[in-house]
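Undergrad: I'd like to ask you about the structure that follows.
The values are calculated or read from the model by the stated rules, or taken from the named source; none is laboratory data. All values reported here derive from a predicted model rather than from experimental measurement. In this analysis, Cβ positions are derived from the backbone assuming ideal geometry, glycine residues included, and neighbour counts consider all displayed protein chains.
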Amino acid sequence: MSNELKALHFDADYTMEEAMAEAKRCLNCPKPLCQMGCPIENEIPRFIQAIAQGNFGLANDILGERTNLPAICGRVCPRENQCEGNCIMNKAKKPPINIGKLERFAADFESIHELRKPKKIVQTHGKVAVVGSGPAGLSVAGDIAKLGYEVTVFEGQSEPGGVLLFGIPEFRLSKTIVRREIARLEGLGVKFVCNTFIGQDKTLDELFAEGFDSIFIGTGTHIPQEVRMENDEVPGVFQAMHLLTNVQLVDNGVISKDEIPVKEGDRVVIIGGGNVAMDAARTCVRLGCSAVTVAYRRNQEQMPALFSEYEEARQEGVQFQWFASPAGVEGTDKVEGFKYEVMALNEDSAGIHGTGQYQVMPVDKIIIAAGHKPNDRLVGEGNNLQVDEKGYLVVSEEPYGMTSREGAFAGGDVVHKPATVVLAMREAKKAVDGMVKYMEIKRAMENASSAE
Ligand SMILES: Cc1cc2nc3c(=O)[nH]c(=O)nc-3n(C[C@H](O)[C@H](O)[C@H](O)COP(=O)(O)OP(=O)(O)OC[C@H]3O[C@@H](n4cnc5c(N)ncnc54)[C@H](O)[C@@H]3O)c2cc1C
């Protein structure tokens, strides 16, 4: 990465003095709009007041009442649309309190200085299995362990973390931080069993037979949506997640650099307009590609990526080709060009239509970032779990989050479609309430029948 790029994006952590000064700007509103904007209702003014008074350990404890992943949320949450977007300061045309950076300060301070080791909780209430260790699974694991249940997380990959580890790139979320948050959960007594795909290596039936009282499924969405283009079998067309995961695996020392599908000097186009497209594009910049273009069917206003992500990509030199709908791949043995149909806005300015005009952008690689759907190995038809027409798990309102399989709950992207870390956490937290209710009723019924 060039020095200019480093300088542009080095968002240094707060020193203690800076954190306290920022915290002191908070008006401690009696009706905190920031907290209302947080999907998991973090106790924002309380933790900020603790920082303002220099009580960083207390700030972290307050955060811990609602979240198990403060160092992560403080880095990747779309704060501009949530807590910070709601901050009262915006109304006074002043910069909002930098809530995310304060959250990450409190979490980092605690972990770096190891003020208090997490207390292992006595786990006598029952046994819970969690399938998948992304933010949804980790959130359930932490919340339910704190309530006194024995928790085992089963993860198909070699290491826990889900998209936090194998999707979001290092330059946005350090893997040291992810591993630190997971170690804190281990400190609470949560066990992790990796390299185990439930549905393949072990079934839900087997988990129940092993004595788990309830199971949470947080398996996310890992099957890429296809984009149909003429001639797309030519080598050099691949999925964004393949790139992002391989870059991480190279960093982990698991595979060699040759397995990164993009090379220095390549001209690449990324098809898509979401945050995954931005991450893939910015990763290509860091890999030394000579030209990086994001091609999107609509325009910037209609693009799903966060504005801040778009803006950072643009500042790093990523180009944007608006109104470009993928049509075909030029080349025989390798990619030589990306053919697209030029789109135009409908009269209502909401929809778009093809113009029948085609253009070719000369490129060496075509990267697809058009979204993901659930893998049906575990959650598909035939596994006794009801799914909707797109393959997402169907869950009940009461008890919240229960699938069609009694005792098996679900939340996060596998239910709610690809969303955000904090929304996966919110749904996981709500499912914990449902699981606890279910297990309490189950235990009461078992006690009643054994008393008969
Ligand atoms: C590249 C990228 C960048 C993103 N950037 C952001 C961002 O900046 N901010 C933000 O808020 N959100 C971001 N998101 C979205 C966010 O990461 C997801 O919404 C979130 O991770 C969903 O959490 P989850 O726990 O439901 O699933 P996941 O994080 O996908 O975790 C699911 C886990 O389940 C495991 N698994 C799957 N099937 C099985 C099985 N059968 N048995 C055992 N384990 C299994 C998987 O290996 C995985 O570890 C991003 C997503 C991507 C892909």
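Undergrad: Please state which one of ALA305, ALA280 is within 15 Å of the ligand (Cβ to nearest atom), buried (at least 16 other Cβ atoms within 10 Å of the Cβ) and part of a loop (DSSP other than H, G, I, E, B).
TA: ALA305
Undergrad: Now for a separate question. Find all pairs meeting these conditions: Cβ atoms under 9 angstrom apart; at least six residues apart or on different chains; first residue within segment 373-393 and within 16 Å of HIS416 (Cβ to Cβ) and assigned to a loop (DSSP other than H, G, I, E, B); second residue within 14 Å of the ligand (Cβ to nearest atom) and acidic (Asp, Glu).
TA: Pairs found: PRO374/ASP413; GLY391/ASP376; TYR392/ASP413.
Undergrad: Here's a follow-up. For residues that are closer than 30 Å to THR203 by Cα and within 16 Å of the ligand (Cβ to nearest atom), tally how many sit in segment 344-386.
TA: Matching residues across segment 344-386 total 15.
Undergrad: I'd like to know if segment 195-205 contains one or more residues that are among the small types (Gly, Ala, Ser), within 21 Å of GLY412 (Cα to Cα) and within 16 Å of the ligand (Cβ to nearest atom).
TA: Within segment 195-205, one or more residues are among the small types (Gly, Ala, Ser), within 21 Å of GLY412 (Cα to Cα) and within 16 Å of the ligand (Cβ to nearest atom).
Undergrad: If you don't mind, there's one more thing I want to ask. Spot the failing condition for VAL387; the list is (1) of a type in the set (Val, Ile, Thr); (2) more than 29 Å from GLN82 (Cβ to Cβ); (3) surrounded by fewer than 18 Cβ atoms within 10 Å (Cβ to Cβ), and only one is missed.
TA: Exception for VAL387: condition (3).
Undergrad: Starting from residues that are within 9 Å of the ligand (Cβ to nearest atom) and more than 20 Å from PHE208 (Cβ to Cβ), keep the ones in segment 390-414 and report whichever is surrounded by the most Cβ atoms within 10 Å (Cβ to Cβ).
TA: GLY412
Undergrad: Would you pick out the residues in segment 135-158 that are of a type in the set (D, E, K, R) and at pLDDT below 95?
TA: LYS146, the sole residue that qualifies.
Undergrad: Still on this structure, please answer the following. Quick one: which helices (runs of 4 or more DSSP H) sit completely within segment 69-171 and have at least 3 residues that are crowded, with 18+ Cβ neighbours inside 10 Å and either among the β-branched types (Val, Ile, Thr) or within 14 Å of the ligand (Cβ to nearest atom) (or both)?
TA: By residue number, 70-76, 99-113, 135-146, 163-166.
Undergrad: Additional query: On the given criteria, is ARG179 more than 13 Å from VAL130 (Cβ to Cβ), in a helix (DSSP H, G or I), touching a Pro at 6+ places or on another chain (Cβ under 7 Å) and more than 11 Å from the ligand (Cβ to nearest atom)?
TA: No, not satisfied.
Undergrad: Right, here's the next one. If a residue has to be loosely packed, with under 15 Cβ neighbours inside 10 Å and assigned to a loop (DSSP other than H, G, I, E, B) to count, how many in segment 26-37 make the cut?
TA: So the count comes out to 5.
Undergrad: Condition test on THR219, is it more than 20 Å from ILE112 (Cα to Cα), out of contact with any helix residue (DSSP H, G or I) (no Cβ under 8 Å at 6 or more places or on another chain) and within 14 Å of the ligand (Cβ to nearest atom)?
TA: Spelling it out, it is not the case that THR219 is more than 20 Å from ILE112 (Cα to Cα), out of contact with any helix residue (DSSP H, G or I) (no Cβ under 8 Å at 6 or more places or on another chain) and within 14 Å of the ligand (Cβ to nearest atom).
Undergrad: Does VAL335 fit the bill of being buried (at least 20 other Cβ atoms within 10 Å of the Cβ) and closer than 15 Å to PHE171 by Cβ?
TA: Taking the combined requirement at face value, the residue does not satisfy it.
Undergrad: So, one more: For the subset of segment 415-437 comprising residues that are over 12 Å from the mean Cα position of the chain (by Cα) and within 12 Å of the ligand (Cβ to nearest atom), which member is nearest to SER133 (Cα to Cα)?
TA: The qualifying residue nearest to SER133 (Cα to Cα) is ALA428.
Undergrad: Okay, next question. Looking only at segment 310-322, count how many residues are crowded, with 20+ Cβ neighbours inside 10 Å and under 22 Å from the mean Cα position of the chain (by Cα).
TA: Matching residues across segment 310-322 total 2.
Undergrad: Taking the condition of being at pLDDT below 95 and part of a loop (DSSP other than H, G, I, E, B), how many residues in segment 198-210 meet it?
TA: Matching residues across segment 198-210 total 4.
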